[in-house]
Structures are given as structure tokens and as C-alpha cells.
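Engineer: Quick one: structure below, then a few questions.
The values are calculated or read from the model by the stated rules, or taken from the named source; none is laboratory data. Note that the structure is a prediction, hence the values are computed from the model and not measured. Because the Cβ atoms are built from the backbone with ideal geometry, glycine has one as well, and the counts that use them run over all protein chains shown. Just so you know, the surface numbers come from the protein's heavy atoms only, side chains and all, with ligands and any DNA or RNA stripped out. Shrake-Rupley method; radii C 1.70, N 1.55, O 1.52, S 1.80 Å.
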Amino acid sequence: MSQALNPSSAGGSGSGGGAPIRRDYGATADSASVMPDVNFTSPGGSSGFSPTEFMSLSEDIGHNITSVLNSSKQLEKQLKFIGTPKDLPALHEKIHGINTKTNAKVETTRQDLERLKAVVRHGDRQQKLQWEKLTQEFQNVIEKYSSIQKRISSAARQSYQQLVTSDQEAEVNARAELLQEQRQAQASMQQEHDMLVERERQLSQLAGDVIDTHQIMGNLRTLVLQQGEQLDLIENSIDQAASHVEEGRSELAKAARSRQSYRRKILILLVIAVIIGLIVTGIVVAKFSS
């Protein structure tokens, strides 16, 4: 796992500089949220491998994965307070704030993985393996984060139902025992009713914060399979190149042997010509001498 998220990277890849915050992740039976468009189509425009962009994207993704993991730990701590005397509106607002920031980081990280895939398409095998590692880490962290969100939503719903039951019982008892203090009882019930309305609103927020990981996981698996096919093509190309190199070596060796044979023939012809020249010269000299 990458190092802990620093403030500058958190602000740049979270709710400040990346994609806009989308608060309609997930869906439940009582929420009208629209499912997010989690689409892993590869962006265009990448014409070559950029080591600087690769390092920058890898670091941002690692930081965001660490941040999402830390958010999961924070949500686990808040989950322990739901259904206890500390289960107050401030607790639900805090959980909603964590979900909002983390959901934005999830979306930003998904987009960064798409960009990184486009970058490593022109990189080497090591960069592609790094992309696969980051994708797997992101998948594992998202599964844990979504699971905690669902547990919080379920616990909040159960706590809400208990409050409704308790409120109904309190209302019956108040009408039977406090008829003389009707105005005070009505004011108290109104306050409790307002609290229930606020709690229901917060419950809808928590339900809307839950990320639907099914489509994300499917798209991640598709990307991993595509990356595996690209690696197979690279290995086949390497094998073919090695075969061509070996054939080239064989042709060069044949050419070298042919050149050596040609040189030997030329040398033999030169020697023969010199011998013939010497013989002719001897004959000429002998005739002149006689």
C-alpha cells in the first residue's frame, strides 16, 4: 500500500480539484437516487509513454487508496456509536461528511486508473504490472468501504425503527397520563417528531452515500482481462522478434562464409597470375640472352 495521504494530495484529488462530488452513489428501496455512471472506457489522446505522468498518477492513486482505507477505519469507529446514547444528529452529519469526501476520492481514483491505463499502454511490462497492482488494491479497498457503508445504513435504520416505536409508546403514555399538561406534551411530541424527520432525512443521506460496487468490480475485472491480453500480445511479439534475430544471424554467417571463399579464390588467381608472369618473363629473358 502507498504512503499516507498528505494534505496537498487530499485537496487535489478529493472534493477540490478532481471530478465534482457525486452524492447519488448506490440506491435503496426508499431513496430516489440515480445510479452513478461508472464507465471505464479508455480516454483517448495518449500518443506515448510519459514517465512523469505515470509517476504522478501512481502516487495520486496510492494516496487516494490510503485515504479511502483511512475513511473506512473512521466509519468503523462511528458505527460503534449508532444505537447508543451518543447516537445524535451530529454523529450522522459527521458520517455523511466522511462519505461525501470519500465518494469523491473513489470517483477521482477511478478516473485516474483510466488515465493510467492509457499511459501504460505505451509503457513496458513493469508499468502494466504496477497498474494491475493499483487496480487490485483499489478493488479491495472499495469492497471494504462499501461493506462498512451498508452496515452503517442498516444500523441507522434499525436505530430509527427503535426510535419510532419508542416515540409511539411515549405518545400513548403521554395522552393517558398527562391530559392536564396537554400543551407541554404536544410541544414535546412536536420536538420528537421534528427529530424523527431530521433522522429520516439523515437516513436517506446515508443510504444515498452507499456505493454500488457491483458495476465497479465488473469493469475492473474487464480492464484486468484486457490488460492480460495486451501482455500476451507483447510476449508473442517478443518471441517473433527473437526468431527474426536468429534468422538474421544465420544469414550473416552465410554471407561471411561466402565472402571468405571469394577472397580465397581471388588470392589463388593472383598467385597463378604471378607465376605465369614469372614464367613468361623467364622465357623472354632466355630468348634475348641467346
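Engineer: At 1.4 Å probe radius, can you tell me the per residue accessible area of segment 62-166 in Å²?
Structural biologist: Dividing the accessible area of segment 62-166 by its residue count gives 43 Å².
Engineer: Residue-wise, which Karplus ³J(HN,Hα) couplings in Hz belong to segment 278-286, taking 6.51 cos²θ - 1.76 cosθ + 1.60, θ = phi - 60°, and x for glycine or proline?
Structural biologist: 5, 4, 4, 4, x, 5, 4, 4, 5
Engineer: Next question, about the same structure. In the neighborhood of GLU247, defined by Cβ-to-Cβ distances under 14 Å, what is the net charge if each Lys or Arg adds +1 and each Asp or Glu adds -1?
Structural biologist: Around GLU247, the charge tally is -1.
Engineer: Still on this model: Which pairs in the list LYS94/LYS133; LYS77/LYS128; LYS94/LYS150; LYS128/LYS150; LYS77/LYS117 are over 28 Å apart, alpha-carbon to alpha-carbon?
Structural biologist: Those over the limit are LYS94/LYS133; LYS77/LYS128; LYS128/LYS150; LYS77/LYS117.
Engineer: Hey, if you drop one equal point scatterer on each alpha-carbon of segment 241-283 and run the Debye formula without solvent, what base-10 log of I(q)/I(0) do you get at q = 0.16, 0.25, 0.27 Å⁻¹?
Structural biologist: Relative scattering, expressed as log10 I(q)/I(0), comes to -0.57, -0.80, -0.84.
Engineer: Run the accessible area of segment 140-290 with a 1.4 Å probe and give the carbon-and-sulfur part as a rounded percent.
Structural biologist: 57 percent
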